[in-house]
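Just so it is clear, none of the values below were taken in a lab; they were calculated from the coordinates. None of these values were measured; they are calculated from a predicted model. Neighbour counts run over all protein chains shown; Cβ positions are idealised from the backbone, glycine included.
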Amino acid sequence: MPLKKGEKEHFFQDVADEWFRWKKSLDEESKGIAPSTAKQYETLIRLYIHDSRLGRMPIRSITRVDVRDFFSDLKQLQRDGLVKDDFGKVVGRQQVPKLGLSNRRAIYGIVSMIFKYSMVEKEYIFANPAYGLEPPPKPKVKKDAEVLEKKKYVAKNLALYLKGRPDELRWIFAMATGCRQSEVLGLTWDCFSYTLEAQTDTPRVIIKQQLQPDFVGKQKKTWVIDDRTKSENSHRIIPLDKRLVELIREHKKQQNEWKKSEKWDPMPGKGMNNLVFTLPNGHPITHQRDNKRWRQLLQEFNLPYIPLHSLRHFAASMMIANGANINAVSSILGHGSVSITRAVYIHDDLRPMVAPMKGLLDTLFRDRDRGFIEEWDENGPLPKDQKPES
């Protein structure tokens, strides 16, 4: 399609950036994107669309074959990490992370939306070259009874395995509150209310931010506290059980000792010197380090592997199993529509959440306080009076 006189050529990677800025400017009711989704889209555009063969092409000249080849290259990237030049010749290995099915599906959606934006909103093109192309298949998720049994077993005994360990509060807190990993790692001490001093009101934590990576170009530069949650409903208040409060107090004392050391040197940035969960030198505990420590714990105690995110699922399941109202559980997990203003200023709003939180903590701490650990063999958890064969 020839350009009109005085019309500017639009390259696909530039249109991708333009679409992303436009999409971010919309609110969620106008089909905008949540902050966490925006972060994912921004990363995928930067790593896989910028500087790709498709990204360097004028959008008017892109054909269905070009789009199909782009997705084919993504599939190959997942398999062998090879990089090809504009003529299909292998020129090296890819330095960016290998793609899984979930991210390939996300890129497919991004590319489709960019073409639709170019056609409907901007009229750069008059046909969508991605139309009719099959998206990558959905990842296969194993949801059999054995997997569910493993999750229940690990979570049930976690409080005892963690007793006295450096990671105790972080993972107990995640399982007791159902918070997402980024929310836990991004907690600062000002998120807590009536926790360390006051004894007369309901202790609570305000979930209002996340720990997120910050990029410059394609390189991860540092970590920042993003003052946005995954969605509007994720900005919430959660009541805290007194046993969890006691663990928080002990953790605060430990961190105060770290701060006296010459090694204490927190990263620059808003709130980074006030993080709840840090290394002894004041640096944040990143998602990668958190996941690595989790795998090490499971291996140390010969536990079946479950993802760290399963603690959130366990929290929801146990609260409901203990008779919690589904609306209260939704509010705790950030899935409900309870207003943050009402939660802060009207104390009655916290009352429906206190009972499910207490029931969950009763379950977590029961065997921890008794010092009992179920054994696990290849067939699952053993009865209390049965020992594994040596």
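Pairs from the list LYS75/LYS230; LYS24/LYS252; LYS163/LYS260; LYS39/LYS122 with a Cα-Cα gap above 32 Å: LYS24/LYS252.
Return the FRET efficiency for the residue pair PHE126, SER72: r is the Cβ-Cβ distance, R0 is 41 Å, and the value is rounded to the nearest 0.05. Using R0 = 41 Å, I get an efficiency of 0.95. Based on the alpha-carbon gyration tensor of region 227-266 and its eigenvalue square roots a ≥ b ≥ c, which shape applies: rounded if a/c is under 1.5, prolate if not and a/b is larger than b/c, or oblate? Oblate.
What shape does region 258-328 have by the C-alpha gyration tensor, where a ≥ b ≥ c are the square roots of the eigenvalues, rounded means a/c under 1.5, and otherwise prolate means a/b greater than b/c and oblate the rest?
On the way: a/c = 3.19, a/b = 1.64, b/c = 1.95.
Here region 258-328 falls in the oblate category.
Going by a ≥ b ≥ c, the root eigenvalues of the Cα gyration tensor, does region 206-323 fall in the rounded group (a/c under 1.5), the prolate group (a/b larger than b/c) or the oblate group? Verdict is rounded for region 206-323.
In this structure, ASP362 and THR37 have a Cβ-Cβ separation that, at R0 = 25 Å, corresponds to a calculated FRET efficiency of about 0.10.
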